[in-house]
């Protein structure tokens, strides 16, 4: 576990990130702001998650005290060099899952660990292969699980992850939104400085 005396702040509203962070950090607080998550269209899709994690950190840091350590994150789903963000509605969610059906895609989480205007950024990337997903399975999943708060319109921890995901390469917790093993190493190194 991370040193329990460290004053750690999670800059995320995600219940999954909160749950995952609690596995390595016994106590932390949550502080969030609504941060503009736009990025340039020509930006490399594999640099967007880190860019957004750093953007969130820089927005929140001025509100924290000098001894607080901030963790921010952003996850993106990338298929065919396109980022699939959170879906706008049911039809959009179904369309995204059709794009993922039968293909490999990347889930990348950008992380920023910050304190006193020092911001360290890193990324973790996992690959996920979906089996062919029928239209009826896609619609049932969207109607049952309402994945409107999830990049790519799915949560690996939902039932679609068990019946639809054929193979993964890399960190499973990263696909959920927080690469716990990598974050643990990076956080210990940051706190030791």
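The values are calculated or read from the model by the stated rules, or taken from the named source; none is laboratory data. In this text, all values refer to a predicted model and were calculated from it rather than measured experimentally. Note: ideal-geometry Cβ built from the backbone for every residue, glycine included; neighbour counts use all protein chains shown.
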Checklist entry - Can we say residue 171 is at pLDDT 95 or above, within 17 Å of the chain's Cα centre (by Cα), crowded, with 20+ Cβ neighbours inside 10 Å and more than 21 Å from residue 35 (Cα to Cα)? => result no
Checklist entry - Which numbered condition trips up residue 36, out of (1) closer than 27 Å to residue 172 by Cα; (2) in a loop (DSSP other than H, G, I, E, B); (3) under 18 Å from the mean Cα position of the chain (by Cα)? => result (1)
Next on the checklist: Any residue in segment 20-32 that is more than 12 Å from residue 60 (Cβ to Cβ) sitting within a Cβ distance under 6 Å of a residue that is in a loop (DSSP other than H, G, I, E, B)? List the pairs, counting only those 6 or more apart or interchain.
Outcome noted: 20/178; 24/2; 25/2; 26/1; 26/4
Item to check | Failed item, numbered, when residue 166 is tested on (1) in a strand (DSSP E or B); (2) out of contact with any helix residue (DSSP H, G or I) (no Cβ under 8 Å at 6 or more places or on another chain); (3) within 28 Å of residue 25 (Cβ to Cβ) | outcome: (3)
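Would you mind stating whether residue 154 is within 17 Å of residue 14 (Cβ to Cβ), surrounded by fewer than 19 Cβ atoms within 10 Å (Cβ to Cβ) and touching a residue at least 40 places away in the same chain (Cβ under 8 Å)?
On the way: within 17 Å of residue 14 (Cβ to Cβ): yes; surrounded by fewer than 19 Cβ atoms within 10 Å (Cβ to Cβ): no; touching a residue at least 40 places away in the same chain (Cβ under 8 Å): yes.
The answer is no for residue 154.
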Next on the checklist: Quick check on residue 120: is it under 18 Å from the mean Cα position of the chain (by Cα) and part of a strand (DSSP E or B)?
Outcome noted: yes
Next on the checklist: So, in segment 29-47, exactly how many residues are over 13 Å from residue 73 (Cβ atoms) and either crowded, with 16+ Cβ neighbours inside 10 Å or touching a strand residue (DSSP E or B) at 6+ places or on another chain (Cβ under 6 Å) (or both)?
Outcome noted: 5
Next on the checklist: For segment 113-132, which positions are without any contact (Cβ under 8 Å) to a residue 60 or more places away in the chain and within 30 Å of residue 193 (Cβ to Cβ)?
Outcome noted: 114, 116, 117, 118, 124, 126
Next on the checklist: For segment 4-23: of the residues being within 19 Å of residue 156 (Cβ to Cβ) and out of contact with any strand residue (DSSP E or B) (no Cβ under 9 Å at 6 or more places or on another chain), which is surrounded by the most Cβ atoms within 10 Å (Cβ to Cβ)?
Outcome noted: 20
Checklist outcome for this item: Output for Cβ contacts, cut-off 6 Å, separation at least six or different chains, first residue at negative phi and part of a loop (DSSP other than H, G, I, E, B) in segment 75-97, second modelled with pLDDT of 95 or more and crowded, with 16+ Cβ neighbours inside 10 Å, reads 87/93; 87/96; 87/153
